[in-house]
Every structure is written in C-alpha cells, then in structure tokens.
Amino acid sequence: MPDGSYAHPQQRQFNPYTENGGTILAIAGADFTVIAGDTRQSEGYSIQTRYAPKVFRLTDRAVLAVNGFAADGNMFVKKVKQRLEWYRHAHAKDMPLRAIARLIQTMLYAQRFFPYYVYNILGGIEEDGSGAVYSFDPVGSYEREACRAAGAAQSLVQPFLDNQIYFKNQQLPPGQTRPLHLSLSDVLSIVIDSFTSATERHIEVGDGLEIYVVLAKGRGPQGLEAVRGAQELTTNAEGDRVFIVRRELKKD
Amino acid sequence: MYRNTYDSDNTVFSPQGRLHQVEYALEAVKQGSAAVGLRSKTHAILLALKRSTGELASYQQKMYRIDDHVGIAIAGLTSDARVLSNFMRQQAMSSRMVFNRPIPVNRLVSSIADKAQVNTQEYGRRPYGVGFLVIGQDKTGPHLYEFAPSGNSYEYYAMSIGARSQSAKTYLEKHFESFADCTLEDLIRHGLHALRESLQQDKELTINNTSIGIAGPASVHEKDVPAGGSFRILEGEPVEVFLKSMVPKETAEAQAAEAPAAEAPPDGAAPAQAGDQDVSMAE
Amino acid sequence: MDHFPTSWGRPRTEAYDAYNTFPLHQRPNPGHKDAFAEGVQRTQQPIVTGTSVLGILYKDGIMLVADTLASYGSLARFKSIQRLHPVGSSTVIGASGDMSDFQYLQTLLEELIIEEFAEADKHELGPAEIHEYLSRIMYGRRSKMNPLWNSLLVAGKKDGKRFLAYVDLLGTTYSASTIATGYGAYIALPLLRTAVEGKEDTLTEEEARKILEDAMRVLFYRDARSLDKYQIAIVNDEGVTISEPKKIETEWGFAEGIRGYGAQIQ
C-alpha cells in the first residue's frame, strides 16, 4: 500500500476485485443432487442486499453455484449460459453435465492471468442417471466429488460435511457399515443445518437460503413431498427434474 | 442460351432500372419448398414442407430456432440460411447480454435485411439465395415477417414463400381476415390447408414432410411447453394430430364451389414460370 | 493530449501544410511531440467527487435523493451540480464518485436513448435494461483496468413494475428496496431500512419524501463532503420528475454546549 512518502517509488493501482461474502454448497446422492447457497451479498461489514441469488439453473439437469466476487460471478454465469445456448442451437439438446464441467474449466482457465475471482460448484445429474458434484477453483482446476462447500463459511461447513457425508471421525458400531449414499431427506436436513449454523457463526452468511434439488429421470419425488414449499422449475415430468426450496435465514 | 447483358454484376442497373442478379436471387427462393406463416392475436405460426432427395435420404431442415421468442422457416439455399440464422442468433444473444432483453422481432429482421441490402450494392458480392419467414413474440405481441434477398422485409398477417407458394397465398388471401381471432388449433389447420395448396398433384402432407413452428401459448395437444410459450418446432409424431384435423381436400373444394365467388383453381393461380416448379436443388 | 501549446490549433502533419504557412522549425519534432502520448492514462483516483445518493421504494414508485455538491478533495468546488439524471421516460440515475466520469456516462446514455428513439417501434429501454447496459459498461471498464469511478443508482418504473438497483466501478450490482451509496451506506441506510423495509407498498409520496429528507439531514450533520442543498427525483406512473434544489433545515444551537473540541479550554 502507498504510504504517502516520496522517499521511495510506490505503485498505486486500481484493485479490480472485491469479496462479496456468502457461502455455497452441493451434495450428490445416488440419483439426485442438492445445490444450495445463501442470498446475502455484502462488502466489508455492509450488507448490500438480502436477496442476490448465487445459484443458477443452467439446464434441466445442471445447476451452478457461484461464490466470490459477485460481478465476476454474474458475468461468468451469463457467459456459461450463452455457451450452452449455442450448444443447444448446434445439437438441439442440452449439454451433458460432464461436458458443462469441462466447459467451465476451459472458460476459467482462459482467464488464467486475469481470473474470474469465483469459486464454482456445479451439481446435477450425469447421463448415466447418477447425482454428481463438480467443484472448481478460480482458474479451472476441478474434480468430481460427492459433496463440497465453498465461500466465506467453507471452513465451517466443509468439516461438518466430511463428518456427515463421508462419516469422517465417526466410529461405527461393530458390524454396521456406513451407507454409500444418503437419502434426499437426510441430505436436505444436513444442508439446512449447515446454513443455519454458518449463519450463527459467520457474519457474511444469512438472510435467505435457496436450495435446488435435481432429480434423475424416472426417480419419484420421495424425500421431497414432506418439504414445505418445494416448487418445480422444469416442465417435463418425464425427464430430469429441478425443484427449488426457499428458506429464511437469520438477518442479523 | 438466353443471356441478359446486365446480369453479370449485381451493382449495375439494367436500362429498365432493374438489378437482374437481385431478381435471380428472388428466383432462388422460389426453388426451395414452400413455407407458410400466419398470425393471430395470440400466436404466430410457421408451416413448412420438407423435401427428401429419395427413399433413402432424410428430410431437409426447414425451420430454425433463433432464440426463446423467435424462429424462422427458410426457402432457398440452406447454406445461406445457416449463415443468416447464425447472425440472427448472435444478434439475439447480444441483446440479452447487453440489455437483458429479448430482441424486438422487427429489429432482428431489419438487421438481416440491412445485411442483405449490402450484397445488392457492393461490388464483388452476391445476394443471399434464401428467403425467410420470421415469427416471434415480444412486448408488442406476436409477429410474422418476410425477409427477401433483395433486402426487403415486411410484416404480414399471413404469408407464404417458396415453390408454388402462390397457391398457398391465394388460400391465405381468401381466409386471412378470420385469422386474428382463431384458436391455435384453427390457425394451424388454416396453415396446413394453405401449405397443402403448394403440393404437387400426387403428393400429400405427412408427419415426415411437415414441420410446424409455434410462438405463443401451448396448444391443447402440446405437452411440456413453458409458460409464455417460447418458440418450438413440431416434427414427426406430434404433427399427426394436426394433420388429422384437416378437412379433406375434396370436401373443402366442394364447400368452396358452393360459395358464390369461387376462387380460381389453386394450380391455375400460380403463374407459369420456369423457376416456380417443385424441383429439388443441388445443395 | 498534446501538451505543447505551440502546436495547438495547427494542422498535425506536413501533408496539410504543403505551402509552409507556419514555421515548422519552431515546433518540436512532430514524431515525438508528446511525452504522455505513448503511455495510456487511466483513472487511478477520482478527482471531482459527489458524495452519497439514496434511493427508496414507496407505494407508487421510487425516489432518489442527492445533494448538489461536487468536491475537489476537501474543497467544496462546485455547489450546484446536478447528480440525478433522467434517462428516457421511465428511468433516473443518481451518481456518486467522479463527476467527469458521470458526465461521460450521461453522454453515452443520451446516445443510447436517441438510437432507441430513432427505431420508433414502440419498444423502449426501461430501468432494468438501462441498469444492465450500465453494468456492462462499468464491468467492461474495470476489466480493462480503467474504471469509471462511480457508484450509481438506477431507479425507474415501467409496465407497473418498480425498479431500484446499484452498480459501481467494479461492476458489482444488486437490487434492494433501499439502497445508499458512499457514506450514506453507513449513516443513512440503517435509518432507511428501519423506515422502509416491509412498508414498500404502503408508504405515501409525502412519507417517503420525509424519510429521505431526514436521512439527508443526518448525512449533512455528519458527512464533511456533503451540502445542505439537495434534489429529489421521483419516478411514478406519470414519469420522471426531478425537483428544484432545496435547502435542508438544520439546527446548530446544540453545538454551543459541546465541549472538548476545538479552541474551548474548559
């Protein structure tokens, strides 16, 4: 930082980045995926708005959560959506999830020397009908995982997920094995608990919660019927389906 | 062979004040199979006749989606259509990128008309060999436009382009006043009747050779259409229910004969021109 | 720009001066006449600045308020600058930050509105479209590391829908029922949120005006770069109206009793 002295040369430069807080998270099940994010947008100690979505539906089977510098995030989502539209024009179908993941990697890496300052989590259903989560760093490194948290409260939420999803540090009773996949209702409870807890302990998390649920083709809505206010976003009940669930979070 | 002195360069007027290359380009449109467009208060629709080069070949693509709210039907050179439709898609995307607004349909049509006009004036270029019917909906409602390689674009209640389209036009001219208040199903039926007029004697509309493009709310026969009714193309099995709704031609003609001012037979209405026949183009 | 006064107002090359009508030899070598010309000049900091802009939703539309001061550092340089600007027939923007960058944006928007008007096809750019456009401009410039140094509010009402959103020099955007830029985000926004949130659909024009005037008074008491002269912009179904400049009623009597600052000894 410049200190106002003339004794030595100093560089003054415009900083093109900022951090806008918030947290995102995604968990893959056997035949579903849940992608969620809070809706607070902040800069420093100021809450700019209580509702700025960070999670976006891309296709009937892909949902993208974007966290970090909001302006980069919104622009990135816009560009991904336009690339998907061109794919639709060329192939008359939606791009498969793993192809979207690779697309996002190339788009991020193209900006390697002036990166989009965003952490992406892509969730949805693969062509084989399995739930999938892909997580990215700002310059495009990515991998497929079962679950991932990112953003301001990543350090609070990820250990919780490691414990609850991967059963890390849990001693199971003898003879009992851990389930390979959790049920949708269990996953939804874990997601909501993650965000209420992050809201308690992190000042940049809160206000509202948006949870996207992507169900594989042919899978019934079991686990979702009991959920209050689940709203379907897709129009084709025969294909993969996307639902959204909204919850309030504390606003202090 | 017959040769015209003023037709080798499209930037040169003939002594009659005509640009022959431009007029030949309009002929290229008439080589393509017919497309019909109609508009009601709630919908704009396209119907097109797809050609196949033979039993073993697939049917050509006649309709393209440009954006959620716009689609086109083409007649003429498919390769030129691809270039132009790509340009339209770019324009539509750019409007969404810069203003987050679906591009107004008239501006989209003007943009390709301007592009086509340049080719009628600059040295060393050739006009596009394709015509479009463009349908779409925006804040000012549903629209139907015709685009021609001459750089002209007009809005219509109903229009047809392509081979033997004069017969379809005759049908549309006779009925267009009723289109405004039509249901979507009635509008499609009128469209199919008009398209049928452009068929050769022994041909008929089937689920294989008919495309239907719709902008506007869903029909009772459609499933999974998003609210707002974004542009969609019906081909194959979904077309059948609409084909079945058509009134057989003999019955329709009998009804027409009963009417006092009967139209001339559709085939007679088409001017006898060399370029207006149902010939398949070399791609 | 060319920093040598001797070349001002003269043709730039010999090609335009075949008859040597002015003494070329007296001028510096035209090939390298400007030491700055080869470097790119970018805004590193704002120069003449406006302070906070406040915006709230109310029953019939949106209200923006800004004072009329443009400061040069701590100098109150221009005291009658308009920082609220109508764009088209249903939108108004308010700017804080660099005033020259803002006036450049005004010319851009003016161009845009003329082009749109010339289409004459019943399509018109509303507040949402203007905001998107501004966001593209602001984000584009920050991505060139050459930002337009502003925080802007875009407000409007079109097709019965109210719109209030923010965009700044980084391209950051958001929408809310109450927004304040600059110092106002710390001082005025808490007051506005208490007064407006949950009452967006019931507040009358008079109530909304009172809320903003009170907030401006608090800002004038506490923001050293503010002025007690302000304008209010209202967008409702009738369109955009920007008021004449008005004075903030202030009360400084209490200052007499304050001890512990300045020259007082006791």
> Just checking, how many residues over the range C:113-129 are closer than 11 Å to B:Arg107 by Cβ, buried (at least 16 other Cβ atoms within 10 Å of the Cβ) and facing chain B (nearest Cβ under 9 Å)?
Replying inline: 1
> Of the residues C:Thr202, C:Thr173, which single one is at pLDDT 95 or above and more than 10 Å from chain A (Cβ to nearest Cβ)?
Replying inline: C:Thr202
>> For the range B:179-200, check the following and say yes or no: at least one residue is farther than 30 Å from B:Asp224 by Cβ and either within 14 Å of chain C (Cβ to nearest Cβ) or free of Cβ contacts under 8 Å to residues at least 40 places away in the same chain (or both).
In response: no
>> Suppose we filter A:Phe160, A:Phe195 for residues that are crowded, with 22+ Cβ neighbours inside 10 Å and either modelled with pLDDT under 95 or not in a strand (DSSP E or B) (or both); which single one remains?
In response: A:Phe195
> For residues in the range A:70-90 being among the hydrophobic types (A, V, I, L, M, F, W, C) and surrounded by fewer than 16 Cβ atoms within 10 Å (Cβ to Cβ), which is nearest to the other protein chains (Cβ to nearest Cβ)?
Replying inline: A:Trp86
> Out of all the residues in the range A:206-218, which are buried (at least 19 other Cβ atoms within 10 Å of the Cβ), of a type outside the set (A, V, I, L, M, F, W, C) and assigned to a loop (DSSP other than H, G, I, E, B)?
Replying inline: A:Gly206, A:Asp207
> Among (1) in a helix (DSSP H, G or I); (2) within 14 Å of A:Val34 (Cα to Cα), where does A:Ile244 come up short?
Replying inline: (1)
> Looking only at residues in the range B:66-125 that are closer than 29 Å to B:Ala218 by Cβ and in a loop (DSSP other than H, G, I, E, B), which one is farthest from the other protein chains (Cβ to nearest Cβ)?
Replying inline: B:His69
> Which of (1) buried (at least 17 other Cβ atoms within 10 Å of the Cβ); (2) over 19 Å from A:Gly123 (Cβ atoms); (3) within 14 Å of chain B (Cβ to nearest Cβ) is the odd one out, the single condition A:Ala237 does not satisfy?
Replying inline: (1)
> Given the residues C:Ile234, C:Ile179, C:Ile187, which is the only one that is within 14 Å of chain A (Cβ to nearest Cβ), hydrophobic (A, V, I, L, M, F, W, C) and touching a Gly at 6+ places or on another chain (Cβ under 8 Å)?
Replying inline: C:Ile179
>> Just checking: which of the strands (runs of 3 or more DSSP E) contained wholly in the range C:108-189 hold 3 or more residues that are in contact (Cβ under 8 Å) with a residue 24 or more places away in the chain?
In response: C:150-158, C:161-168, C:178-180
> Can you spot a residue in the range B:142-154 that is part of a strand (DSSP E or B), hydrophobic (A, V, I, L, M, F, W, C) and surrounded by 20 or more Cβ atoms within 10 Å (Cβ to Cβ)?
Replying inline: yes
> Can you find a residue in the range A:59-77 that is among the polar types (S, T, N, Q), farther than 30 Å from C:Asp168 by Cβ and in contact (Cβ under 8 Å) with a residue 24 or more places away in the chain?
Replying inline: yes
> If you check C:Leu227 against the conditions, is it buried (at least 22 other Cβ atoms within 10 Å of the Cβ) and more than 10 Å from every other protein chain (Cβ to nearest Cβ)?
Replying inline: yes
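Restricting to the range B:92-119, count the residues that are under 27 Å from B:Gln31 (Cβ atoms) and under 22 Å from the mean Cα position of the chain (by Cα).
12
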>> Against the conditions (1) at pLDDT below 95; (2) more than 10 Å from every other protein chain (Cβ to nearest Cβ), where does A:Ala62 fall short? Just the number, please.
In response: (1)
>> So, A:Phe167, is that one surrounded by fewer than 21 Cβ atoms within 10 Å (Cβ to Cβ), at pLDDT 95 or above and part of a loop (DSSP other than H, G, I, E, B) or not?
In response: no
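For the condition away from chain B (no Cβ under 14 Å) and in contact (Cβ under 8 Å) with a residue 12 or more places away in the chain, what is the one hit in A:Val227, A:Val242? Quick ask: steps written out before the conclusion?
Values: A:Val242 fails: away from chain B (no Cβ under 14 Å).
Just one listed residue meets the conditions, A:Val227.
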>> Against the condition over 26 Å from B:Ser95 (Cβ atoms), crowded, with 24+ Cβ neighbours inside 10 Å, of a type in the set (A, V, I, L, M) and away from chain C (no Cβ under 14 Å), how does A:Ala28 come out, does it pass?
In response: yes
>> Within the range C:149-208, take every residue that is of a type in the set (Asp, Glu) and more than 20 Å from A:Asn74 (Cβ to Cβ) and give me the one that is surrounded by the most Cβ atoms within 10 Å (Cβ to Cβ).
In response: C:Glu200
> Which ranges mark the helices (runs of 4 or more DSSP H) fully within the range B:216-283 that have 2 or more residues being surrounded by 15 or more Cβ atoms within 10 Å (Cβ to Cβ) and modelled with pLDDT of 80 or more?
Replying inline: B:237-244
>> Out of the residues in the range B:177-188 meeting the condition of being assigned to a helix (DSSP H, G or I) and surrounded by fewer than 18 Cβ atoms within 10 Å (Cβ to Cβ), tell me which one is farthest from the chain's Cα centre (by Cα).
In response: B:Asp181
>> Going by what's in this entry, would C:Ser89 be described as more than 26 Å from A:Glu19 (Cα to Cα), in contact (Cβ under 8 Å) with a residue 40 or more places away in the chain, surrounded by fewer than 16 Cβ atoms within 10 Å (Cβ to Cβ) and over 18 Å from the mean Cα position of the chain (by Cα)?
In response: yes
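The values are calculated or read from the model by the stated rules, or taken from the named source; none is laboratory data. Bear in mind that the values here come from a model prediction, so they are computed numbers and not experimental data. Quick reminder, even Gly has a Cβ in these numbers, built from the backbone with ideal geometry, and neighbours come from all protein chains shown.
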